[in-house]
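Working notes, beginning with the structure itself.
All of the numbers you see were taken from the coordinates with simple rules; none came from a lab. All figures in this text were calculated on a predicted structure; none of them were measured in a lab. Backbone-built Cβ (ideal geometry, glycine too); neighbour counts: all protein chains shown.
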Protein chains: 4
Amino acid sequence: MNFTSDNVTGAAPEILKALTDASSGPTPSYGEDPLTARVTERIAALFEREVVVFPVATGSAANALALAALAPPYGAIYCHEMSHVNTDECGAPEMFTAGAKLVGLPGAGGKLDPATLRATLDKSGAGNVHHVQPAAVTLTQATESGTVYTPAEVAALAEVAKAFRLPVHMDGARFANAVARLGYSPADLTWRAGVDVLSFGATKNGALAAEAVVFFRPELAESFAFRRKRAGHLFSKMRFLSAQLDGYLTDGLWLRLARHANAMADRLSAGLAALPGVTLRDPVEANEIFISLPEPMILGLEHRGYGFYRWDGQTVRLVTAWNTAAEDVDRMIADATALANACAQDS
Amino acid sequence: MNFTSDNVTGAAPEILKALTDASSGPTPSYGEDPLTARVTERIAALFEREVVVFPVATGSAANALALAALAPPYGAIYCHEMSHVNTDECGAPEMFTAGAKLVGLPGAGGKLDPATLRATLDKSGAGNVHHVQPAAVTLTQATESGTVYTPAEVAALAEVAKAFRLPVHMDGARFANAVARLGYSPADLTWRAGVDVLSFGATKNGALAAEAVVFFRPELAESFAFRRKRAGHLFSKMRFLSAQLDGYLTDGLWLRLARHANAMADRLSAGLAALPGVTLRDPVEANEIFISLPEPMILGLEHRGYGFYRWDGQTVRLVTAWNTAAEDVDRMIADATALANACAQDS
Amino acid sequence: MNFTSDNVTGAAPEILKALTDASSGPTPSYGEDPLTARVTERIAALFEREVVVFPVATGSAANALALAALAPPYGAIYCHEMSHVNTDECGAPEMFTAGAKLVGLPGAGGKLDPATLRATLDKSGAGNVHHVQPAAVTLTQATESGTVYTPAEVAALAEVAKAFRLPVHMDGARFANAVARLGYSPADLTWRAGVDVLSFGATKNGALAAEAVVFFRPELAESFAFRRKRAGHLFSKMRFLSAQLDGYLTDGLWLRLARHANAMADRLSAGLAALPGVTLRDPVEANEIFISLPEPMILGLEHRGYGFYRWDGQTVRLVTAWNTAAEDVDRMIADATALANACAQDS
Amino acid sequence: MNFTSDNVTGAAPEILKALTDASSGPTPSYGEDPLTARVTERIAALFEREVVVFPVATGSAANALALAALAPPYGAIYCHEMSHVNTDECGAPEMFTAGAKLVGLPGAGGKLDPATLRATLDKSGAGNVHHVQPAAVTLTQATESGTVYTPAEVAALAEVAKAFRLPVHMDGARFANAVARLGYSPADLTWRAGVDVLSFGATKNGALAAEAVVFFRPELAESFAFRRKRAGHLFSKMRFLSAQLDGYLTDGLWLRLARHANAMADRLSAGLAALPGVTLRDPVEANEIFISLPEPMILGLEHRGYGFYRWDGQTVRLVTAWNTAAEDVDRMIADATALANACAQDS
């Protein structure tokens, strides 16, 4: 069973069907099609306000383009030191912004800390030509540690950002998982808490390759269309991005899929955490589990063909997905239990 | 009927099926999957040599990334003045190369002219720090004027490029149409004629969004993987790009679709060119028709719902595609004929 | 005698003295010194209005930084096809703007033509994401052909630019020569005619290495200080740039030096143009002479040690400077006359 | 007395004289002059090997250009977290490299630590497209904490870098101070210890604005001339940069000036450190003093007109220079002593 990442999965049948259905007949290219317009309407309805929406194919593009719309080349973008934009994009934000600086900040549970952010901004040298200039704050929801920000936590960060007149971006590659977990509305988790731009992910949660960059403040979006084209991220047959998003948002599919992934993560982490020698590194609040296992258990599971990442030392990352089967989860727990028992007998 | 562009079409059923089939089961992400490996093998077989292949989703990305692999920021890239990379990418090559300069050269029929290229390179100031440095030559096959380069024409340009030690890139957004027209092998039209890197298009010819960047000289590809990732063009679920290319290359689908598009262009241009007051601006050698129509005929066709671009004055562009119906072509010819006759009676 | 360029000269004694005088005692660094403030005041007085001034050391920096303040990465900058920014900066504007596109336009006498500019802008595709977006117009005063724009000519270009809401930059590497020739005030030649930013050159006209970027619209200058620092063009010991500019502007030195250079160009071109077989390519309106000489005369002059550039075929460029000696000019005329006579006897 | 920075000083008379002397007569521009050639020879002799030398005017330019010659846009540059390139250049390295990432590492006394560097490189993800790729190591000599690296310390870092095939750059804005302190030869402190490129500073140590980028491995310098021009850092009247460097290197002026600055730092720090409540934060090994003073002493000194930076809390930075007068140092010590005594009486 493959718990390596949610991106080892294929696409949800509903989304594949939407894609196939969208293929028939001619339609205007480059986003002038009715399906793309409908996606904007759906997202506006979902977020309960007017929005400007740009579909793109990858999360890297969504984040880097969004940040480039916010930060000048001489800007500083504040993020968690372990954030994906800072560590796993091979410098995409730096490329798209033409050289802005990502300032990685520490924070427990993968979350930015308002006090740390404020302290950093207090001595950021705004207006001093020797220093890159504060330009934006970006946070990840759900975080890279598998935790989620509550609306209050988002608001506390946004408040600091706003005090320094900085726009707030949210990397929502796993936004659906956060919404599914928290039970708050998408609006509560974003613009009502001070988020200005959201990278609204679908790829990991059942799409083939589709994300929507959602601007809650239209004036921030002015350069985006040109930047997207210039970055090669404007699809000529845009209907095929929009169809995925349309299917994703139809009949609550996006939340249904995320709830399932979260439930599987809960089930798996609960089963494993009950075993001796096993410790959760972070609370499991989305579909990622960071958990410490005894070395023999890690080896035994690998030997039996379970796929997962060794994160750091004995901490491994297990990711469940929209299509993770409960029986696979249960089998892994059973196997881990057997390994734990064998280990106990040995000692 | 919509002759606006080949990108107003959906996807070929065979490619949609390949996509759907590829969705089942987990598979490694980011291009480590067997399907992506198979695409490389297929392309190697098709081109009769070892190649390095990178699937991407758009032609803009394919071209800009390929050029960035060839040209330093202080480089000059020689292209036709009307080439897509020069006029229709909102500066993508400039972004990806970090500021290289596209030098647009004139040339009849949308083709670069070896003598013009040589004359330009002769006074390019190579080695002189005041001038951008010759870095690459790029040509489009089929061209932006709907013509095609013969292998000899490609070789003549490549010979000039090689004399100045410049690599040659081919923008093959409509490469299939050129191969279908010319009857030469893909190898003859590319590396045997001196092409070093090919953007091998599929999107316009029946895919949803898929292009392959094909390096015939592996040493030129060294930075590509990093550049692709950094540009947000590395798909996590790469199988969905590769599946499209796989379907495209299966059982000669790519050529079959292109032959159809070309045949429809022939049929349409022949029918129209026979009418009084109608003149072809360029020979029709792929699936694009640049043709001068009498103004009343243009208005009449627009009135009847035919879609096409007004290119320049009375010259319009008509593009046929992999799925253009012969009856639609015939109907347009009939309508144009009726308009021509009506016009003749008026005068 | 060296007529290769005005940059083969040293520095005017007055400027060297100002530099030396400025060296004594401590003074705030990075432009916070009183001398830099005085330079701004002097320039404001000279241009009869409030200005924002940034001293830099090279014309390349002045122009590229100014253009980067005006054009986004997806912008188009309209310039003469032979302009220095387009041909002789190794792509500096592209680097500083992060990839904007220079659009070189033809124009007689090295001057941009308002009709050509308007026609180009009419079909520039403003608002269309496929095309780089019109961002700025830049003109060179005196031009790269040794001619000058009258205030009316500048205004005609600026009027077109303003109709498309584009700011106007003037590359004034030889601004002093233009002012000296035309007799109009600096204000008349710049902001009163619609210029928004001026690169006010001093290096070629007697300074060591100093130019002032002068913003007539302060709101355009907002990013400049950061861009200058980031480009390594903020001098820690700024006093040494400002001292040069201060000396340059003291007691009308800048105009006196330029008048001399112009007078020497007049003298030299008049003397040469009177000879048989000699033709001026462009009117001599500043300190550059583009002139066609018989091949034997070229060779003879080179043989006697005269330095100049072979521009194109038999056209050579001769540049006089702030310190060109009249006797050197006269000697060259005499030698050229002797060569012309010898040639006449031969034939 | 101004101890704010060494850049509040003017220029050494010997350097001003060299500059003035260099002004007479015409000379080839853009570095083709004999004086520039002589500077290269002098630097080669000083470093006891062949070198490629590029004069530039600022340390920001020297460092950013050198790093751009070493690191691709997707590169990682390892530096001390407090290094000038990381904190005080408004992102110049990011601009010049087109977006490479500076990875700031902790290290006592402002020095990079070999073990930390190795541990970082061990998990840098070399070859993994998701991560920026290790490209260069840069260290500052003397450091931003006023300490110096011994040849052995440089070699230990370079050894780690070489193990990962990374070139080593040294920011030598205060290289002279380090050489003056350590007594080792310039060669021992650079290439013999594994340094590949040196930014050899002169500005802070008596020049007006001049630094030399010195390549010990010529193959690394291939792109430099183009990058320098493109960045606006190629001076047309290059003689005026070279003259400064020539004067700097004549008769050991550079070392003499640095020794004086160091001696003044020793004298000042010794005098202050002897007072109650005063603690040196770092050993004084060059011309910068980081020292903790009682708050009343800070206020008292400021009140008496002494200039210095408040660094952090009660730690202030005092910088001596090539022209610091011993009597000014002594006066400050006396005043500080008086303040300390007054303070003691109060309590």
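Using Cα pairs closer than 8 Å and at least 6 residues apart in sequence, work out the relative contact order for the stretch B:124-242, in percent. Write out the running numbers ahead of the final one.
Details: 160 pairs, mean separation 23.6, N = 119.
Once divided by the residue count of the stretch B:124-242, the mean separation gives 20 percent.
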So for the pair D:E14, A:T150, with labels modelled 7 Å out along Cα→Cβ, what separation do we get in nm? 6.9
PRE reach from A:N341 (point 7 Å along Cα→Cβ): which of the stretch A:257-295 fall under 14 Å by backbone N? A:275-276
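At a 10 Å Cβ-Cβ cut-off, how would you order C:Y309, D:Y78, fewest neighbours first? Can you show the working numbers first?
Numbers: C:Y309 14, D:Y78 28.
Least crowded to most crowded, the residues run C:Y309, D:Y78.
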Percent antiparallel among DSSP beta bridges with both residues in the protein assembly as shown, to the nearest 5? 55
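Note down the magnitude of the dipole of the stretch B:13-252 about its Cα centre, charges +1 on Lys and Arg C-beta and -1 on Asp and Glu C-beta and zero elsewhere, to the nearest 20 debye.
Values: 21 positive and 24 negative charges, 58 e Å.
Here the stretch B:13-252 has a charge dipole of around 280 debye.
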Cα long-axis angle, helix B:34-47 against chain B (0 to 90 degrees, to the nearest 10): 70
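Would you work out the relative contact order for the stretch D:61-167, in percent, from Cα pairs under 8 angstrom that are 6 or more residues apart? Please list the in-between numbers first.
Working: 180 pairs, mean separation 31.4, N = 107.
It comes to 29 percent, rounded to a whole number.
Give me C:R281, D:R239 ranked fewest to most by other Cβ atoms within 10 Å of their Cβ, as a rough exposure proxy. Can you show the working numbers first?
Working: C:R281 18, D:R239 28.
Least crowded to most crowded, the residues run C:R281, D:R239.
Can you work out the FRET efficiency for the pair C:A37 and A:S185, with r the C-beta to C-beta distance and R0 = 56 Å, to the nearest 0.05?
Details: r = 55 Å, r/R0 = 0.99.
Rounded to the nearest 0.05, the efficiency is 0.50.
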Charges at C-beta only: +1 for Lys and Arg, -1 for Asp and Glu. How large is the resulting dipole of the protein assembly as shown about its Cα centre, in Debye rounded to 20? 0
Under a crude label model (7 Å from the Cα following the beta-carbon direction), how far is C:L299 from A:D251 in nanometres? 9.0
With everything on Cα atoms, drop me the angle between helix B:326-346 and the longest principal axis of chain B, reported from 0 to 90° to the nearest 10. 50
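With an 8 Å Cα cut-off and a minimum separation of 6 or more residues, compute the relative contact order for chain D in percent. Working shown, then result.
On the way: 707 pairs, mean separation 79.5, N = 347.
For chain D, the relative contact order is 23 percent.
What translational diffusion coefficient, in µm²/s and rounded to a whole number, does the Stokes-Einstein relation yield for the protein assembly as shown at 20 °C and a viscosity of 1.002 mPa s, taking the hydrodynamic radius as the Kirkwood radius over Cα pairs? Show your work: numbers first, answer last.
On the way: Rh = 33.9 Å.
It comes out at roughly 63 µm²/s.
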Taking 1 over the mean of 1/r across every pair of different Cα atoms in the stretch C:99-153, what Kirkwood radius in Å do you get? 12.6
Local net charge near B:T320, Cβ-Cβ under 12 Å (Lys/Arg +1, Asp/Glu -1): +1
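Answer rounded, prolate or oblate for the stretch C:1-55, using the Cα gyration tensor with square roots of eigenvalues a ≥ b ≥ c: rounded when a/c is under 1.5, else prolate when a/b is larger than b/c, else oblate. Could the numbers behind the result be given before it?
Working: a/c = 2.63, a/b = 1.40, b/c = 1.88.
Oblate shape, in that a/c is at least 1.5 and b/c is the bigger or equal ratio.
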When all alpha-carbon pairs of the stretch D:242-305 are counted, what percent fall beyond 16 Å? 58
Can you give the calculated 222 nm mean residue ellipticity of chain C, where each DSSP H run of n ≥ 4 adds -39,500 (n - 2.57) and the sum is split over every residue, rounded to the nearest 500 deg cm²/dmol? -13000 deg cm²/dmol
Can you tell me the FRET efficiency between A:R49 and C:R217 if r is taken as the Cβ-Cβ distance and R0 is 30 Å, rounded to the nearest 0.05? 0.25
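To the nearest whole number, what is the average tally of beta carbon atoms from other chains within 10 Å of the beta carbons of peptide B:82-93?
6
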Within the stretch C:99-137, which trypsin sites (Lys or Arg not before Pro) sit in a loop by DSSP and count at most 11 neighbouring Cβ atoms inside 10 Å? C:K123
Taking chain D as the region of interest, what is the percent of Cα-Cα pairs per 10 angstrom bin, listed from the shortest bin to the one with the maximum distance? 6, 25, 31, 23, 11, 3, 0
Output, in nm with one decimal and in ascending order, the distances from the D:P276 label point to the matching label points of the other copies (7 Å from Cα along Cα-to-Cβ). 6.3, 10.1, 11.5
Test item: B:14-20 mean partner chain Cβ contacts at 10 Å: 3
32 Å Cα-Cα threshold exceeded, pairs from B:K111/C:K123; B:K123/C:K204; C:K111/D:K229; A:K204/B:K101; A:K101/D:K237: A:K204/B:K101; A:K101/D:K237
With Cα coordinates, the longest principal axis of chain D makes an angle with the long axis of helix D:59-70, in degrees rounded to 10, of 40
Dimensions (Å) - the stretch C:255-346, Cα atoms, principal axes, largest first: 44, 25, 21
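Of the peptides D:32-42, C:47-57, how do they stack up when ordered by the mean number of other Cβ atoms within 10 Å, highest first?
Going by the mean number of other Cβ atoms within 10 Å, highest first, we get C:47-57, D:32-42.
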